[in-house]
1. Looking at segment A:77-96, which of its residues are crowded, with 16+ Cβ neighbours inside 10 Å and under 13 Å from the mean Cα position of the chain (by Cα)?
2. Would you kindly identify the strands (runs of 3 or more DSSP E) lying entirely within segment A:33-116 that contain at least 1 residues that are within 12 Å of another protein chain (Cβ to nearest Cβ) and under 29 Å from B:Ala86 (Cα atoms)?
3. Do you know which of the residues in segment A:1-32 that are assigned to a loop (DSSP other than H, G, I, E, B) and touching a Leu at 6+ places or on another chain (Cβ under 7 Å) is nearest to B:Pro34 (Cα to Cα)?
4. Could you tell me which residue of segment B:41-98 is farthest from B:Leu11 (Cα to Cα), considering only residues that are away from every other protein chain (no Cβ under 14 Å) and β-branched (Val, Ile, Thr)?
5. Within 21 Å of B:Ser93 (Cα to Cα), surrounded by 19 or more Cβ atoms within 10 Å (Cβ to Cβ) and in contact with a strand residue (DSSP E or B) (Cβ under 9 Å, 6 or more places away or on another chain): is that true of A:Val4 in this structure?
Amino acid sequence: GAVVSQHPSWVICKSGTSVKIECRSLDFQATTMFWYRQFPKQSLMLMATSNEGSKATYEQGVEKDKFLINHASLTLSTLTVTSAHPEDSSFYICSALAGGTYNEQFFGPGTRLTVL
Amino acid sequence: QQQVKQSPQSLIVQKGGISIINCAYENTAFDYFPWYQQFPGKGPALLIAIRPDVSEKKEGRFTISFNKSAKQFSLHIMDSQPGDSATYFCAASPTQGGSEKLVFGKGTKLTVNP
């Protein structure tokens, strides 16, 4: 299957700082990527849809000024958590649409964010 | 109407047994039904997927059964192994209308005892 990477795999930051998470499709181009958040023992919660060259579309209840998404190229989308607070601590996962006949969605390995 | 209901929440199976996880949906616009496997601390991995034009798809020990009229689909894991112990998520999405957003079930934690 197609490979999606995320960097960093984990990050610890102080409250009030900003953190950037990168999502890359390694062996395919992805015009659409998604950002999810997952709490322990829960399902994935879609935060936003990231489209190359255009503004991201945020799900209801997700603060777009807090979670900045930039999809600058066909292989890279970034999520910046601005002015992070402890309640932003979570597992953030991106995915990318591989296109083709079945347009499968492939996920990255996730980024564990801990805000102190 | 956007929900995907998944059951059971947890499942314990003996090695060599069959694991069965069920999902049901309401939105008739859904036409893509993948299953994902997730290990602790990792991202979900696409396991197998089906579209409504077939009633069953098999890949190795994993089989999806799909019942369009009942709006249900299930994952069968044959000859379950301890390495299959993970959380499994069913999902659904429409592929028409420009939206490929997946709607996930709540997950099933599978434990395969040796």
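Every number here is computed from the coordinates shown, using simple stated rules; none is lab data. In this text the structure is predicted, and so the values were computed from the model without any measurement. Methodologically, a virtual Cβ is constructed for each residue, glycine included, from the backbone with ideal geometry; neighbour enumeration extends over all protein chains shown.
1. If the condition is that a residue be crowded, with 16+ Cβ neighbours inside 10 Å and under 13 Å from the mean Cα position of the chain (by Cα), then A:Ser77, A:Thr78, A:Leu79, A:Val81, A:Ser90, A:Phe91, A:Tyr92, A:Ile93, A:Cys94, A:Ser95, A:Ala96 are the ones that fit.
2. Numbers: elements: A:44-51, A:67-73, A:76-81, A:90-97, A:105-107, A:111-115.
Fully inside segment A:33-116 and qualifying: A:44-51, A:90-97, A:105-107, A:111-115.
3. The qualifying residue nearest to B:Pro34 (Cα to Cα) is A:Gly1.
4. Going through the qualifying residues, I end up with B:Thr63.
5. Spelling it out, A:Val4 is indeed within 21 Å of B:Ser93 (Cα to Cα), surrounded by 19 or more Cβ atoms within 10 Å (Cβ to Cβ) and in contact with a strand residue (DSSP E or B) (Cβ under 9 Å, 6 or more places away or on another chain).
Here is a yes/no grid of residues against (1) closer than 24 Å to A:Gln6 by Cα; (2) not in a loop (DSSP other than H, G, I, E, B):
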| residue | (1), (2) |
| --- | --- |
| B:Ile12 | no, yes |
| B:Ile20 | no, yes |
| B:Asn27 | no, no |
| B:Phe33 | no, yes |
| B:Gly43 | yes, no |
| B:Pro52 | no, no |
| B:Phe89 | yes, yes |
| B:Leu110 | no, yes |
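A quick yes/no check of all residues on (1) in contact with a His (Cβ under 9 Å, 6 or more places away or on another chain); (2) among the small types (Gly, Ala, Ser); (3) under 25 Å from A:Gly99 (Cα atoms):
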site: B:Ile48; (1), (2), (3): no, no, yes
site: B:Ile64; (1), (2), (3): yes, no, yes
site: B:Pro82; (1), (2), (3): no, no, no
site: B:Val103; (1), (2), (3): no, no, yes
site: B:Asn113; (1), (2), (3): no, no, no
